[in-house]
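> Got a structure for you, questions after.
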Amino acid sequence: MSSPAMSERRLGTVGAIMVALGPLSVAIYTPALPEIVAGFGANDAAGNLTISVFYIGLALGQLLCGLLSDGLGRRNVALVFFSLYVLAAIACFFAPSIGWLIAARALQGVGASAGLVISRALVRDMFTGQASSRILNMMAIIIAAGPAMAPALGSVLLAVGGSQWIFATMIVHGVAVLLLTGLFIVETVGIDLSRLRPMAMLRSMGVLLASRSFLLPALCTAGCAGAIYGQASILPFLLISHLGITPQQFGVGMFLQSGVYMLASLWTRWLMRRFPAPQLVPWGAAIALAGAASLVAGTFWLEPNFWTIMLPVALYAFGYAHAAPAAMTAAFAAHPDRAGAASALHGFMQIGTGFCIGLLATLFPGPVEAMGILIPASITLGALAGLAWYRLDRP
């Protein structure tokens with residue numbers, strides 16, 4: 001058996017930096033959202049839209065990127081998409097109006113989508129089973145470290161130089177990812193233009209959606225990760241505008257969530273040395289459900305404050321970290337000949353859930369109600385899907 005083209009550590013490290021492009025572009029941005037809205041003379045709905053359209057671009061871009069990478073190669077497609085991200089970040093920096101910023105953020109989301117799709121497709125191209133779960137867990141640790149620090153960094157940049165410094169940081173990060181991809185990522189699939197035919201693309205998606213082995217673990221991660229993505233459009237207005245905390249305190253709250261997720265991922269890595277990754281799924285689902293129930297209590301039964309919101313957020317993030325490696329590995333392993341499409345659809349479901357949460361949040365009377373209903377519902381969906389996969393389809 002030939003050795004993989006990249007080692008576990010190399011792929012896990014570079015892949016995590018690629019994946020982090022999307023989450024960091026939200027995490028570093030959210031502390032500045034109220035100031036950006038005020039600076040353009042826009043309303044909260046327009047501010048939310050700058051996050052929502054990023055998720056739309058991220059979701060739709062994943063579908064396009066994954067299907068293209070199956071036919072044109074992982075590395076080639078990644079370089080094009082990351083170049084688009086850098087150009088869009090520059091457009092954000094120079095945006096003269098909220099409309100321009102919204103358009104640039106949408107393109108930025110499309111460019112960032114390659115990080116999510118390509119890194120995970122590369123894992124499936126070269127690794128399976130427990131090795132795949134270890135790499136995905138390693139990515140989760142590094143990814144969590146970034147968003148844990150990003151809101152605090154965003155708050156500092158906002159205090160020192162304003163929102164323009166945040167966009168400048170995105171430009172630097174995008175260029176760094178582009179260079180790392182060019183220097184360290186090797187191609188794992190050959191060019192096959194027949195896979196770019198529209199019917200072939202639709203057939204790939206249909207096969208995946210009809211497969212319980214793909215759909216249940218994908219729903220697990222979509223519900224849990226989608227809640228974490230979706231709350232990014234609610235928490236700034238809930239914590240800063242409604243509860244009156246400062247952007248710096250908001251950064252501390254985001255550090256709590258991401259820090260707990262990172263510690264849970266480290267703990268999960270230790271557990272995977274002793275137990276198969278699928279055995280951790282029911283434990284993670286149970287903890288995530290406890291977090292969802294606590295959030296309902298903290299928003300409707302208790303007087304909402306920083307701790308009644310952020311402690312439940314940290315709790316369900318802790319639970320999700322236990323289930324994520326096995327669920328993602330299972331989703332990608334179901335159809336190895338469609339690794340790009342599986343990675344794309346898997347990511348699309350996560351980001352799509354986050355976008356739907358952000359969109360539905362605008363229909364609620366305020367951020368308290370949106371946070372207390374939408375996020376627990378999404379977490380519950382993900383946890384129950386994970387339990388169903390463990391019961392019905394786990395290896």
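> Short version: ³J(HN,Hα) in whole Hz for each residue of the range 214-231, in order, from phi by Karplus 6.51 cos²θ - 1.76 cosθ + 1.60 (θ = phi - 60°), x for Gly and Pro, what are they?
Values per residue, Gly and Pro as x: 8, 5, 5, x, 5, 5, 4, 6, 5, x, 6, 5, x, 5, 5, 5, x, 5 Hz.
> Something else now. Pop the C-beta distance of Leu202 and Ala297 into the FRET formula with R0 = 56 Å and round what comes out to the nearest 0.05.
According to the calculation, E is roughly 0.80.
> What ³J(HN,Hα) values, in whole Hz, does the Karplus curve 6.51 cos²θ - 1.76 cosθ + 1.60 give for the range 338-355 when θ = phi - 60°, with x put for Gly and Pro?
Coupling constants for the range 338-355: 10, 4, x, 5, 5, 4, 5, 5, 4, x, 4, 5, 5, 5, x, 5, x, 5 Hz.
> Of the peptides 307-317, 101-111, 154-164, how do they stack up when ordered by the mean number of other Cβ atoms within 10 Å, highest first?
101-111, 307-317, 154-164
> Between the range 172-230 and the range 344-395, how far is it from one alpha carbon centroid to the other, in angstrom?
19
> Taking the convex hull of the alpha carbon atoms in the range 8-392, what volume per residue do you get, in Å³?
Given the Cα convex hull of the range 8-392, per-residue volume reads 116 Å³.
> Provide the per-residue ³J(HN,Hα) series for the range 190-199, in order, calculated from phi with Karplus coefficients 6.51, -1.76, 1.60 and θ = phi - 60°, each as a whole number of Hz, with x at glycine and proline positions.
Each residue's phi maps through the Karplus curve to give x, 6, 9, 5, 5, 7, 8, 5, x, 5 Hz.
> Each label point is 7 Å from the Cα along the Cα-to-Cβ direction; what then is the distance between the points at Ala45 and Ser83, in nm?
Here the answer is 3.9 nm between the modelled labels.
> How far, in nm, would the chain grow between Leu360 and Phe94 when pulled straight, counting 0.36 nm per residue and subtracting the alpha carbon separation?
92.7 nm
The numbers here are math on the coordinates, done by the rules we state, and not lab data. Given the structure is predicted, the values throughout are model-derived calculations rather than measurements. Because the Cβ atoms are built from the backbone with ideal geometry, glycine has one as well, and the counts that use them run over all protein chains shown.
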